[in-house]
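Worksheet: one structure, shown below.
The values are calculated or read from the model by the stated rules, or taken from the named source; none is laboratory data. Nothing here was measured: the structure is a model prediction, and the numbers come from that model. Cβ: placed from backbone, ideal geometry, glycine included. Neighbour counts: every protein chain shown.
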């Protein structure tokens with residue numbers, strides 16, 4: 001059961017957008033997906049409550065009578081959304097169970113600084129060599145100086161860039177209804193699905 005953690009210590013980096021759509025992608029492919037939220041804001045859990053029942057199922061944590069949380073029985077893929085400020089014992093706990101980690105960031109100095117330190121911490125962890133890492137550029141605006149600088153910076157990191165996701169209201173509008181790119185007509189989100197193709201291959205490899 002692969003566990004994909006979506007993490008970045010910087011708030012507003014796009015973790016929940018990435019996590020919910022990754023879960024939707026896997027569910028649309030027929031997998032039994034659990035979307036877990038370890039963020040105090042519980043953005044992903046709230047999103048799950050909005051999701052229409054007729055769509056491919058994405059489940060949350062099962063909570064046992066003894067308050068132990070675990071993936072529902074039959075789960076084949078786990079996607080975990082994480083909080084800002086992830087470090088220390090919480091990061092250590094996630095590293096122990098992660099098979100893969102996606103690190104989203106936007107084209108800002110603050111995102112770049114936070115991501116640089118985070119990548120160093122993850123790679124220095126005792127399981128840093130076992131967890132497959134991937135970077136995702138979020139809310140990318142083509143032909144801008146900020147985007148150019150982000151490309152230049154990411155080329156210096158020892159972690160591959162999986163894909164770049166454009167700045168579009170599609171994600172905002174879909175999230176407000178508990179939807180993902182895979183829950184609407186492909187023609188409506190054709191460009192976005194093209195950008196997700198490398199990420200889908202990375203998640204399924």
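Key figures
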item: Considering residues of segment 10-24 that are in contact with a strand residue (DSSP E or B) (Cβ under 8 Å, 6 or more places away or on another chain) and not in a helix (DSSP H, G or I) only, the residue surrounded by the most Cβ atoms within 10 Å (Cβ to Cβ); result: 13
item: Residue match in segment 43-53 (condition: within 30 Å of residue 153 (Cα to Cα), in contact with a strand residue (DSSP E or B) (Cβ under 9 Å, 6 or more places away or on another chain) and not in a strand (DSSP E or B)); result: yes
item: Residue among 38, 63, 3 that alone is at pLDDT 90 or above and on the phi < 0 side of the Ramachandran plot; result: 3
item: The one condition in (1) under 23 Å from residue 153 (Cα atoms); (2) over 19 Å from the mean Cα position of the chain (by Cα); (3) surrounded by 13 or more Cβ atoms within 10 Å (Cβ to Cβ) that residue 72 fails to fulfil; result: (1)
item: Residues satisfying the stated conditions in segment 171-187, i.e. in contact with a helix residue (DSSP H, G or I) (Cβ under 8 Å, 6 or more places away or on another chain) and surrounded by fewer than 16 Cβ atoms within 10 Å (Cβ to Cβ); result: 176, 177, 184, 186
